[in-house]
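Heads up, the thing below is written out as structure tokens.
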């Protein structure tokens, strides 16, 4: 009886091991995060701008079509555009362009077949809020509070969109255009207008009259 039970247990174990081996054989190998892009995101979110500039991976300029630039103490996408129909602080321009660069690093990693882990996009979004809030420090009183509040509001919508995209590499711009009128669009209604953040990056624009 004991021998028969042992044989049954052994056969069950072997069958389980064989099944596991067959299942693993049918799966594609897990992608390894692109080390260059990973190092660049880490430098962008935790190191001085000149350090981050030296960490931009080879092939990024060819892939994305521009060279990152140092601008007022930040490494940014110099061609990043910012637009919004609601009044937003002019100080957010730099953080917005820096965030654009970070998202382009995520895209570059995905293009190379080594998409970065979800924590990379989370760190970039957190940096956007921190940078936007820090940019408000030149203001005083109510103006400072208003600016800081908008940093948090913008950060909320950016994070909501990232969660909707599972913190993966941001969608391309054509997908942004389509989603702006679809169920994926995020809108904020206010007395001054409607802010639509249904895409891959925060887009802000300062008003021509100066500070918002």
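The values are calculated or read from the model by the stated rules, or taken from the named source; none is laboratory data. Please read all numbers here as calculations on a predicted model, not as lab measurements. With ideal geometry, Cβ positions are generated from the backbone for all residues, glycine too; neighbour counts draw on all protein chains shown.
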For segment 78-87, indicate whether the set of residues that are touching a helix residue (DSSP H, G or I) at 6+ places or on another chain (Cβ under 7 Å), within 27 Å of residue 164 (Cβ to Cβ), surrounded by 15 or more Cβ atoms within 10 Å (Cβ to Cβ) and at pLDDT below 95 is non-empty.
yes
Looking at residue 75 and the list (1) part of a helix (DSSP H, G or I); (2) modelled with pLDDT of 95 or more; (3) buried (at least 23 other Cβ atoms within 10 Å of the Cβ); (4) within 16 Å of the chain's Cα centre (by Cα), which single condition is not satisfied?
(1)
Quick one: is residue 130 modelled with pLDDT of 90 or more and in a helix (DSSP H, G or I)?
yes
Applying the selection to segment 123-145, what residues are in contact with a helix residue (DSSP H, G or I) (Cβ under 7 Å, 6 or more places away or on another chain) and closer than 17 Å to residue 157 by Cα?
123, 124, 125, 127, 128, 129, 131, 132, 133
Scan of segment 134-147 for residues that are in a helix (DSSP H, G or I) and surrounded by fewer than 19 Cβ atoms within 10 Å (Cβ to Cβ), ordered by number
134, 137, 138, 141, 142, 143, 144, 145, 146
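Name every residue in segment 96-109 that is in contact with a helix residue (DSSP H, G or I) (Cβ under 9 Å, 6 or more places away or on another chain) and free of Cβ contacts under 8 Å to residues at least 60 places away in the same chain, in order of residue number.
98, 101, 104
Each row is one residue, and each column tells you yes or no for (1) at pLDDT below 50; (2) farther than 24 Å from residue 63 by Cα; (3) in a helix (DSSP H, G or I).
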{"position": "98", "(1), (2), (3)": "no, no, yes"}
{"position": "121", "(1), (2), (3)": "no, no, yes"}
{"position": "125", "(1), (2), (3)": "no, no, yes"}
{"position": "158", "(1), (2), (3)": "no, yes, yes"}
{"position": "163", "(1), (2), (3)": "no, yes, yes"}
{"position": "189", "(1), (2), (3)": "yes, yes, no"}
{"position": "212", "(1), (2), (3)": "yes, yes, no"}
Scope segment 100-119; condition in contact with a strand residue (DSSP E or B) (Cβ under 8 Å, 6 or more places away or on another chain) and either modelled with pLDDT of 95 or more or over 27 Å from residue 143 (Cα atoms) (or both); matching residues
101
